[in-house]
Amino acid sequence: MIENNAKFSFQDLFVLFGQNSIHNLNSDIEIEGISIDTRTIKKGNAFFAFKGDQVDGHSKVKEAFDKGASIAFVNKNWFDTNKESLKDLPIITVKNSYWGLGELANFHRNRFSIPVVAVAGSNGKTTTKELISSVLSEKYKVLKTYKNYNNQLGVPLMLLQINEDIGATVIEIATNSFGEIAELSRIVNPNHAIITNINKEHLEVLIDLDGVELEETNLFAFAKKQDIFSYINLDDDRLKKYTRVLEKKVTYGFNSEAMVIGEVVYDENLMPEIKATFKDESLSAKINVPGYPGAINALAAAAIGINLDIEYDKIKLGLEKYIPDDSSGYGRLSVIDLENVKILNDTYNANPGSVEEMLKLLSSFSIDKNLHIVLGDMLELGESTHNEHKLIFEKARELTHNIYTFGNSFKAIDEDTNFIDKLELSKRLIENLQSNDIILVKGSRGMKMEEVVQELLNKLK
């Protein structure tokens, strides 16, 4: 768990939560650090009780105090039921712990007048966040979102990391239901806002592309209301129309209408080299993220760097320094170049939009390459599940007949290409390989398609 040393006084707490929520607090109390886990709590921390899938944090309140907590934040309904057993313990009641933690995090973030970049969008958020952070690190000490701390729990915990040494912050914000982007935008209170793209994601709740756009562009709505900088991807048909309503903006894209105009060429491994031109100045950089996703995400980072007056040679350095971390085994698109086979490992996650992007990337390889496409089910699509899997399967079939699928949703589309065992899938794939073949492996996080990649590496190395 990420630790923090954010400090809050009695007056801070009184202003934020009001007299009726405060119980048994001395006026000289001072919190140092917020904890949500009694296993790592430190003396002086405030403890937030969250109800998890396995453990209700409210059952740990007394343990938190035994370990030195200065105060506990609990849900009001729970407190009303249990207040007799809490005696004289210092407690603040909140309508729910997510809201309370968000209020503290927002209050703490607003203490600092630094560049704060919020990154939303359907695909490429993490890569874009990393590239932006790498560019900004050439000028500032940067705090960036750690791993998947991009939701209503993780985002506040990241904001609480800000301290006097931090010169800029890059926060990824994600959604899987309506209203989350609006709430996270409010909590983060960014002064720079970027939406990577609009694609099919979380259709179980967001329904369709219109729903996705409505949800994701809440960040632009916040930007317009607060008069902060927005960065608009003109390559995205749904985003480019917001140039008409956003006044404080920087546009970017691989077309001549953008303020930051991109050009790109790819090497034999589809690693891009981009050229970014703003007015009469240009920079070129070799990017370590393959394909169009790497190119457009790098261009976004360049646009933000240019707008923040980072020198062009430092932007180039920041872009070229970034190397994706695939140490977990499941990559956000890493290219594994073996002696006679190339594996595109994109097993971190999948939705229809990101799979379509990868299929477009595959189509850009030379026609004499033999393609193998390994697809795991795409999750959280609700009523769209069958249709979206059918569309993806048909697009894959346009590229190759070497298709291998895993999961019940793809099985409902085509049983002949479906495997119930990843080892058997890997074995069949290896049997079909020829020299210089290219393999794409992609699927939702819950499908653990990195196990296929690992089996291929075990057998092919």
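Is there a residue being at pLDDT below 95, closer than 17 Å to Thr128 by Cβ, crowded, with 18+ Cβ neighbours inside 10 Å and not assigned by TED's automatic domain parsing to the domain that holds Glu383 anywhere in the range 199-208?
Restricting attention to the range 199-208, the residues satisfying the condition of being at pLDDT below 95 are 199-208.
Cutting the leftovers down to closer than 17 Å to Thr128 by Cβ gives us 199, 201.
Retained after the next criterion (residues that are crowded, with 18+ Cβ neighbours inside 10 Å): 199, 201.
Cutting the leftovers down to not assigned by TED's automatic domain parsing to the domain that holds Glu383 gives us 199, 201.
Taking every residue of the range 199-208 in turn, at least one turns out to be at pLDDT below 95, closer than 17 Å to Thr128 by Cβ, crowded, with 18+ Cβ neighbours inside 10 Å and not assigned by TED's automatic domain parsing to the domain that holds Glu383.
Right, Asp280: within 24 Å of Ser185 (Cα to Cα) and modelled with pLDDT under 95 or not? If you could, list the steps in order and put the result at the bottom.
Working: within 24 Å of Ser185 (Cα to Cα): no; modelled with pLDDT under 95: yes.
Considered against the rule, which asks whether it is within 24 Å of Ser185 (Cα to Cα) and modelled with pLDDT under 95, Asp280 comes out as no.
Cβ contacts < 7 Å: first residue within 16 Å of Leu136 (Cβ to Cβ), restricted to the range 101-123; second residue surrounded by fewer than 17 Cβ atoms within 10 Å (Cβ to Cβ) and of a type in the set (A, V, I, L, M), any location; separation 6+ or different chain. Result?
As it stands, the answer is Ile114/Ile166, since those pairs meet every condition given.
Taking the stated definitions as given, is Leu425 assigned by TED's automatic domain parsing to the domain that holds Met449, in contact with a strand residue (DSSP E or B) (Cβ under 6 Å, 6 or more places away or on another chain) and either free of Cβ contacts under 8 Å to residues at least 12 places away in the same chain or assigned to a helix (DSSP H, G or I) (or both)? Before you say what the answer is, go through the steps one by one.
On the way: assigned by TED's automatic domain parsing to the domain that holds Met449: yes; in contact with a strand residue (DSSP E or B) (Cβ under 6 Å, 6 or more places away or on another chain): yes; either free of Cβ contacts under 8 Å to residues at least 12 places away in the same chain or assigned to a helix (DSSP H, G or I) (or both): yes.
Answer is yes for this residue.
Sort through Thr128, Thr196 and tell me the only one that's touching a Gly at 6+ places or on another chain (Cβ under 7 Å), of a type in the set (Ser, Thr, Tyr) and either assigned by TED's automatic domain parsing to the domain that holds Leu246 or free of Cβ contacts under 8 Å to residues at least 24 places away in the same chain (or both).
None of the other options fit; the residue is Thr196.
Of everything in the range 428-454, what is free of Cβ contacts under 8 Å to residues at least 40 places away in the same chain and surrounded by fewer than 17 Cβ atoms within 10 Å (Cβ to Cβ)? Give them in sequence order. Reasoning before the result, please.
Of all residues in the range 428-454, those free of Cβ contacts under 8 Å to residues at least 40 places away in the same chain come to 428, 430-431, 451.
Arg428, Ile430, Glu431, listed by residue number.
Of the numbered conditions (1) under 27 Å from Ser134 (Cα atoms); (2) touching a residue at least 24 places away in the same chain (Cβ under 8 Å); (3) among the charged types (D, E, K, R), Asp267 satisfies every one except a single condition; which is it?
(2)
Enumerate the pairs (first residue in the range 211-239 and over 13 Å from Ser122 (Cβ atoms); second residue anywhere and in a strand (DSSP E or B) and polar (S, T, N, Q)) with beta-carbon separation below 8 Å, excluding pairs fewer than 6 apart on the same chain, so at least 6 apart or on different chains.
Phe220/Ser230; Ala223/Ser230; Lys224/Ser230; Tyr231/Thr251; Ile232/Thr251; Leu234/Thr251
Here's a check for you: in the range 252-264, which residue that is of a type outside the set (Gly, Ala, Ser) and either in contact with a helix residue (DSSP H, G or I) (Cβ under 6 Å, 6 or more places away or on another chain) or free of Cβ contacts under 8 Å to residues at least 24 places away in the same chain (or both) is nearest to Leu234 (Cα to Cα)?
Residues of the range 252-264 that are of a type outside the set (Gly, Ala, Ser), as a first pass: 252, 254-255, 257, 259-261, 263-264.
When the remaining residues are screened for being either in contact with a helix residue (DSSP H, G or I) (Cβ under 6 Å, 6 or more places away or on another chain) or free of Cβ contacts under 8 Å to residues at least 24 places away in the same chain (or both), the result is 252, 255, 257, 260-261, 263-264.
Numbers: Tyr252: 6, Asn255: 8, Glu257: 8, Val260: 10, Ile261: 10, Glu263: 13, Val264: 15 Å.
Among residues in the range 252-264 that are of a type outside the set (Gly, Ala, Ser) and either in contact with a helix residue (DSSP H, G or I) (Cβ under 6 Å, 6 or more places away or on another chain) or free of Cβ contacts under 8 Å to residues at least 24 places away in the same chain (or both), the one nearest to Leu234 (Cα to Cα) is Tyr252.
Considering Ile304, Ile296, Ile323, Ile310, which residue is within 19 Å of the chain's Cα centre (by Cα) and assigned to a loop (DSSP other than H, G, I, E, B)? So that I can check it myself, show each step before the final result.
Working: Ile304 fails: assigned to a loop (DSSP other than H, G, I, E, B); Ile296 fails: assigned to a loop (DSSP other than H, G, I, E, B); Ile310 fails: within 19 Å of the chain's Cα centre (by Cα).
Ile323 is the lone residue from the list that is within 19 Å of the chain's Cα centre (by Cα) and assigned to a loop (DSSP other than H, G, I, E, B).
The values are calculated or read from the model by the stated rules, or taken from the named source; none is laboratory data. On a predicted model such as this, the values are computed, not experimentally measured, just so you know. As a convention, Cβ positions derive from the backbone with ideal geometry for all residues, glycine included, and neighbour counts pool all protein chains shown.
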